[in-house]
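A short write-up of the structure that comes next.
Bear in mind that the values in this text are calculations on the coordinates, not laboratory data. Everything quoted here is computed from the prediction, not taken from an experiment. So basically every Cβ, Gly included, is an ideal-geometry build from the backbone, and we count neighbours across all protein chains shown.
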Amino acid sequence: MEFLGTTQTASYCGPKKDCTLHVMPPAGQAPVVQECYQPYHLPGYRYLNAWKPSVFYKVATTQTCPEECQGVRRPPTILPSLRSALFCRYTPRDWDRSNELQLRGAEASRLWASRLTGDSLRIMQDKDQLTRQMQEGTSRNLGQRLCDIGFWKSELCYELDRLLTENSSMDTLKRRLECAAQEMNCPLQVALECLYNREKRIGIDLVHDSVEKNLIQEVDLLKCCQDQMRKLAKRIDFQMRDNRDAQHVLERDIEDKNSAQSIDERCLNLRNTSDSISFFHGMEKFDGTVSVPETWAKYTNDNIRHSQNTRANSIRLREEAEHLFETLSEQMWRQFTNTNLAFNARIAEETDVKNKLQTQLAKDTAMAPGTLSSLSEDHVAEFDQDSIVPGGPSTFCWPQQHL
């Protein structure tokens with residue numbers, strides 16, 4: 001850029017150039033046209049600060065005109081360096097071409113930027129649509145997962161309620177068995193007391209009769225019933241332990257389901273505008289799962305099946321206990337009836353024999369005075385002399401001794 005206003009080497013600032021030649025060339029030679037002021041450019045410096053005068057000052061000063069131009073050269077102006085810089089500038093064609101290139105480059109850059117902006121917007125739209133689709137798919141999967149969790153949770157709760165009811169029934173049955181075994185001590189003590197008292201019989205009355213046999217059978221039956229009830233109570237106790245183990249497994253599985261349900265519900269309710277949302281880099285590569293949906297459902301199904309099998313064993317044990325109650329009560333009642341019938345028969349038999357003995361005693365007692373009165377005095381005296389001895393029994397004691 002020049003700061004002196006107009007260029008001093010311009011055509012309108014100097015003397016008018018004479019276009020005629022003072023020295024004519026020879027007729028036989030063709031005229032030679034040679035420009036006196038050719039622009040000179042260093043290699044690679046055509047487009048680099050070519051307008052500055054100081055860049056090509058030395059180069060421009062070394063150029064000389066040929067001898068043919070010595071006579072027509074203009075006198076030097078005030079600023080020869082500016083004149084040399086003037087001849088080193090571009091032509092209007094170069095300027096138009098440069099502007100055109102700049103315009104084309106700007107247009108190409110603008111088109112490329114617009115194309116890049118369009119591609120970026122399209123990629124953003126595609127990614128946004130893909131993100132929405134993935135979020136919708138994840139929401140559907142979470143909803144399905146919540147339905148599965150709710151289904152298995154309801155199954156676990158239902159099975160747990162039935163198992164708790166069964167445990168309560170087993171506990172009641174265990175107390176019934178223990179109480180029944182404890183209450184059998186009273187009839188057992190009665191039967192043993194009867195046997196002990198019957199050992200006090202004297203002489204020929206110490207008979208191993210049906211009463212004693214029934215009492216011994218009753219004692220054995222009562223002891224056997226107590227033993228069976230106590231064994232069944234132990235089995236019920238073991239079964240109740242198994243039921244409690246299955247109950248703990250179900251409760252732990254229900255707690256896991258509650259935790260998973262709360263987490264999935266929170267994830268399902270998350271939105272892009274939710275608070276406290278953070279980005280955890282690499283979280284999608286971390287896999288802390290220990291199962292897949294198939295094994296997860298199989299685990300819960302196995303727990304429910306184990307609880308059902310345990311509950312079925314408990315039900316069979318309860319039925320066995322109820323059947324044992326019926327069988328033992330029937331056997332004890334039958335034995336009690338047989339013992340009472342034997343007692344009644346023995347009492348009737350002893351009463352009959354006792355009555356017969358008493359009748360015979362009464363007859364003998366009544367017969368003795370009549371027999372003695374029919375004897376003669378001689379016979380009585382003789383009898384008295386022969387039968388009465390010092391310290392011997394009297395005459396009226398004989399029937400009683402016989403009886």
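By how many nm would the segment from residue 313 to residue 343 lengthen if fully extended, with 0.36 nm per residue of separation less the alpha-carbon distance? The partial results should precede the final answer.
Numbers: separation 30, 0.36 × 30 = 10.80 nm, distance 4.39 nm.
Full-extension gain reported as 6.4 nm.
For the stretch 86-239, what class follows from the C-alpha gyration tensor (a ≥ b ≥ c being the square roots of its eigenvalues): rounded when a/c is under 1.5, otherwise prolate if a/b is larger than b/c, else oblate? Prolate, since a/c reaches 1.5 and a/b exceeds b/c.
Listed values for the stretch 174-187 are Karplus-derived 3J(HN,Hα) couplings in whole Hz (6.51 cos²θ - 1.76 cosθ + 1.60, θ = phi - 60°), namely 5, 5, 4, 5, 5, 5, 5, 5, 6, 6, 6, 5, 5, x, and x replaces Gly and Pro.
More than 19 Å apart: what percent of Cα pairs in the stretch 145-222 qualify?
Working: 1911 of 3003 pairs.
For the stretch 145-222, the share of Cα pairs beyond 19 Å comes to 64 percent.
Phi angles across the stretch 299-315 convert, under the Karplus curve 6.51 cos²θ - 1.76 cosθ + 1.60 with θ = phi - 60°, into 3J(HN,Hα) values of 4, 5, 5, 5, 5, 5, 5, 4, 5, 5, 5, 5, 5, 5, 4, 5, 5 Hz, Gly and Pro given as x. Residues of the stretch 264-293 falling in the label zone of residue 125, defined by backbone nitrogen less than 16 Å from a point 7 Å along Cα to beta-carbon, are absent. Considering only C-alpha atoms, what is the centroid distance from the stretch 241-269 to the stretch 90-119, in Å? Cα centres, the stretch 241-269 to the stretch 90-119: 69 Å.
For the stretch 195-236 and the stretch 301-324, compute the distance between their C-alpha centroids and round to whole Å. First find each Cα centre; the distance between them is then 36 Å. Converting phi to 3J(HN,Hα) with the Karplus coefficients 6.51, -1.76 and 1.60 and the offset θ = phi - 60°, the stretch 96-104 yields 5, 5, 5, 5, 5, 5, 5, 5, 4 Hz in sequence order, with x at every glycine or proline.
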